[in-house]
Amino acid sequence: MSEKRSQFPLPLSSVTGGSTRKPAAPAPVATPQTATQNARENNQHRTGAAPGVAGTAKPATVQPQQTVVRSDLAATEAPRRAMAARTARQGVKDAQVLAALEIVPRHMFVEPGMLAQAYVDISLPIGHNQTISQPYIVARMIELLKGSGPLRRVLEIGTGCGYQAAVLSFVAQEVYSIERIKPLHELAKANLRPLRIANLRLQYGDGMLGLPQVAPFDGIILAAAGLEVPRALLEQLAIGARLVAPVGAQVQHLQRITRTGKAEWTSETLEACHFVPLRPGIA
Ligand code: SAH
């Protein structure tokens, strides 16, 4: 479960500036998504324990009262660890997912003006009326995607700034992520470039069509909510594979669909959530 992947973190030294600056201490949850509230209210799985991350660097000594810079990995370790521990308290149990959350530098995916909030459990604007998802929901959806075996090929619809794709690259062998808004596709590429993640491919296009040339997938995750899950995506699931998506308009719920046969799928409706809409076509 907590197998450490050799692909990640790759030469993250390329982005460490050797700085000792520190972000603002992780603030309490400000505007949690509904999913978080639900998780808290129904939290029967409190672990309280911070996840262990094999092979990560020692905690850095950090100076208080200083601001974070994007390149600062060591100094953001403490808030990242706190974020993963909080996510565990919110009910996410998968050690590999929590470890990935602890490793991926979320501050490198938020706008420069929002660095202080990078490790707060909220979604944040990334431009073009889109958002980087709340860390809890990212972790929860990936946990739901994972079955008992390892995830081989995974497809994400809605790359946005690339954060969830980076987290996924830590728990799956191959990750494909599609974004329909060209400047966001470019933004994700720029955000991810310094991390040099070898097992992640970004695609500009309409994710509602999936990626038939690469299918079947062992998991498909949607980061945007439609009124229903596009048929093409259901068809691109391997038998036994899962798809996790927010479904709905004003009121949305996470849905987990498992392909049980050539023409058979089962569906579970889970907690409430709040996502940007899934839209057809490209922009
Ligand atoms: N995965 C992101 C969340 C991005 S928000 C994260 O890590 O935080 C959801 C994204 O889905 C937006 O960027 C939006 O443009 C995109 N999206 C919506 N409909 C889409 C579609 N049909 N195909 C691909 N991307 C889509």
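Read-outs throughout are calculated quantities, based only on the coordinates presented, and are distinct from any laboratory measurement. As the structure is a prediction and not an experimental result, all values here were calculated from the model. Cβ placement follows ideal geometry from the backbone for every residue including glycine, while neighbour counts extend to all protein chains displayed.
For this structure, a couple of remarks:
- Applying 0.36 nm per residue to the separation of residue 186 and residue 201 and subtracting their alpha-carbon distance, the gain on full extension is 4.1 nm.
- Lys/Arg +1, Asp/Glu -1 at C-beta; the range 70-200 dipole; positive extreme among 183, 195, 170: 170
- In the range 215-255, the DSSP beta bridges split such that about 45 percent are antiparallel, to the nearest 5.
- Relative contact order [Cα under 8 Å, 6+ residues apart], the range 137-283, whole percent: 22
- Positive-end residue of 233, 249, 267, charge dipole of the range 215-283 with Cβ unit charges: 233
- Magnitude of the charge dipole for the range 150-195, about its Cα centre and with charges confined to Cβ atoms of Lys, Arg (+1) and Asp, Glu (-1), is about 80 debye.
- Shape category assigned to the range 131-283 from the gyration tensor of Cα positions, a/c cut at 1.5: rounded
- Using R0 = 25 Å, the C-beta based FRET efficiency linking residue 262 and residue 282 works out to 0.25.
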